[in-house]
1. So what is the orientation-averaged projected area of chain B, using the convex hull of its C-alpha atoms, in nm²?
2. Quick query: amide H of A:Gly347 versus all other amide H atoms, modeled in the peptide plane; which residues come in under 5 Å with a sequence gap of 5 or more or a different chain?
3. Please work out the ratio of the alpha-carbon Rg of the range A:376-464 to 2.2 N^0.38 Å and round it to two decimals.
4. Assign unit charges at the C-beta atoms only (+1 for Lys and Arg, -1 for Asp and Glu), then state the dipole size of chain B relative to its Cα centre in Debye, rounded to the nearest 20.
5. If you plug each phi of the range B:95-100 into the Karplus form 6.51 cos²θ - 1.76 cosθ + 1.60 with θ = phi - 60°, what whole-Hz ³J(HN,Hα) values come out, in order, with x for Gly and Pro?
6. Quick check on the range A:54-217: what does the Kirkwood estimate of hydrodynamic radius come out to from the alpha carbon pairs, in Å?
7. Can you give the Rg and Dmax of the range B:1-62 based on its C-alpha atoms, in angstrom?
8. Evaluate peptide A:19-29: per residue, the Cβ atoms of other protein chains within 10 Å of its Cβ; return the mean as an integer.
Amino acid sequence: MRSALIEKIKVVIIVVLFITTILLLYLLWSPGGRGIGFSGFGGRSASSDAPTGAGLLRAEYALRSSGSGSTELSYDADGVFAAAKEELAGFLAQSYAESSVISEQQYELAMRDWPSVSVGFGCGLPLNGVLSLIAPESQLLRTADVIVDSIAFSDAAPDSVFARDSGSGSHYRFIFGEPRESVDKLSSAFGDNSYPAYTARDLLGVGSVFLPLGSFSELSDMPFGAADGSKEVGTDAARAVFGDTFSFVRRITDSFGNVTYMYGYGEKNLYLYAEGAIEYRTTVSGTEASDFARDLDAALSFAAGCGGLRGDEWKALRLCGYSESGIRVHTRNFSFAQSVLGVPVYGQSGPALTVTVSGGAVTGLRREGIDPGTYTPGENRAAASPANVIANNSNHIYNILKGSVLAPASDEAFDFAAKAVRSLAPGYYADPSRKLLVPAWVLKASGGEMFYFDLYEGTPLGYTR
Amino acid sequence: MDYSKAKNIIIALLLVANLALGSVYMNRLSAEREAREAAAASTRLYLQELGVELSAPIPADEPPMPVLYVSIEKDAGPQSFDGCDVVLSGMDEAYSAVPQRKGPGKAPIIGAGRALQRLMSWLEPEVLKSLEVTGIDRIFWVDRREISAEAAEDTAVPAWRVQTNRGVFYIEAYEN
């Protein structure tokens, strides 16, 4: 009996000594000395759940010319762009390419007097960047450091690819060694949903953008909510941005419910707005050499880590805007629009996602996505004539672009507005006051500004600088 | 197998391990205490060389601390958390930072000596010659001097409050 008690006491002693051994080991080797410096700019924001840049490159419109004076325009350009990418990849697989600058007249001759097909991006993109997305293994034309907003193929030169930047009025021809039947292939991918099109010069007397005649649409108003309004999304975004330092960043909540996370004295800030928008800014840029495709993927990866991009509301994201600046530190601004019913959506602040990459590191992000509600198809009805939209709103366009409040001379405003249009295509405008997606003509100006006009009435809905 | 003998051996081994680990730990604590005392002595000497009078003890403790999430409220009176005052700067004196909850992790802080050295590096030599440090303590500090937006909630960070004959100074305590 006594020995049984002694054995039980021994077991208790062993357990106590074991626990104290573990405790002493923890005290001696616990990581209590870590500081709270940056865990790399962007924290753990990089996400493998991000869409690829190549997948987000889409055409806003396609043009097909018969070569005998008639041109069709289609906003349903995915099939034509897929064929265009195949043709580009085929050309880039060759061993030889030569670049040349051509005149506007030479370009229009090739497009109008010969069967031709072109695809437009709706914004200027670096050509070598676009080609690196389409044919990453080819090194042809990688030194072609030019901005283009459309790529074209013409039977006038089956061994060539043409490109244009309507913003600067520049035109290019890239000559390869072997001809291809590109026009036939792209033409066969052209769908039935197209309209006769004329240039603004043909319809208004000035301007190079193609405008459709007699377009119809079934788009109708649709309610929407904020895509990222939940507290969990905001907290996840903050954890992703700040990484290990999240537990120690300053968090300020104002009386409206907007939350600011601030590291240091503003070196790195994350803003979570009560209405659902998320904004990130850092004053520290990267030091890597510039590369369009890599910066684009970095932008998407960061955005995916900072709130996610795989929800239903973020599917069919598309690259819709681009600008670049800086010499010593190259800065690129990417804009991405959500798509609803095949058309891009823009809000008062512009597209849903904009990301700035400087020196290879993300230095800015704003996401304000929408979550579309139930859609009730409208009747198929005639859209407002784009030519009339430009003509009737030329004063408005002029005043916004010029920053003027005085009424300009009508001819001056008209000429200026018509020349400033880079593209005009259907989309949705997210009206913040009515919480409605309103069908709209989205007019993009050559400086990156966007105007939204009611698709059926042609009246101004808003604009984004 | 003789389980009783095995238990005796295990007890003996664990006792030896505990004694060894305990000894190492006590030596470490002793070394850390000596280092803190040396740092405090070094700081006193440094202040003396600058001509700064020190009439308060330099606290030796510098435990890792979390941030403190606070709400900004009017007429709530002085606040404290875990034995440290919660101080709000940059707003009307009627407002206080009321503790809500502490942050999820703790991080090391600089000691009082280093905080004093930082403060001395900010001040002009003429000021130092007539400076007298009358108190130094650990606090949670909300600095709203550079923040213009209205705040319902904010975050207090660990800081050292240094009271002198020329005013009160605050030095953030996190190491970064």
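1. On the way: hull surface 59.8 nm².
Mean projected area of the Cα convex hull: 15.0 nm².
2. Those lying under 5 Å, H to H, from A:Gly347 are A:Ala430.
3. Details: Rg = 13.2 Å, N = 89, 2.2 N^0.38 = 12.1 Å.
With N residues counted in the range A:376-464, Rg over 2.2 N^0.38 Å equals 1.09.
4. Numbers: 18 positive and 25 negative charges, 177 e Å.
Taking the Cα centre of chain B as origin, the dipole is about 840 debye.
5. 8, 9, 9, 9, x, 10
6. Working: mean 1/r = 0.0637 Å⁻¹.
The answer is 15.7 Å.
7. Final numbers for Rg and Dmax: 22.4, 75 Å.
8. Working: counts 1, 6, 8, 1, 3, 8, 3, 0, 6, 5, 0.
What the average comes to for A:19-29 is 4.
None of the figures in this text is laboratory data; all of them are computed from the coordinates on show. All figures in this text were calculated on a predicted structure; none of them were measured in a lab. Don't worry about glycine lacking a Cβ; one is built from the backbone with ideal geometry, like all the others, and counts go over all protein chains shown.
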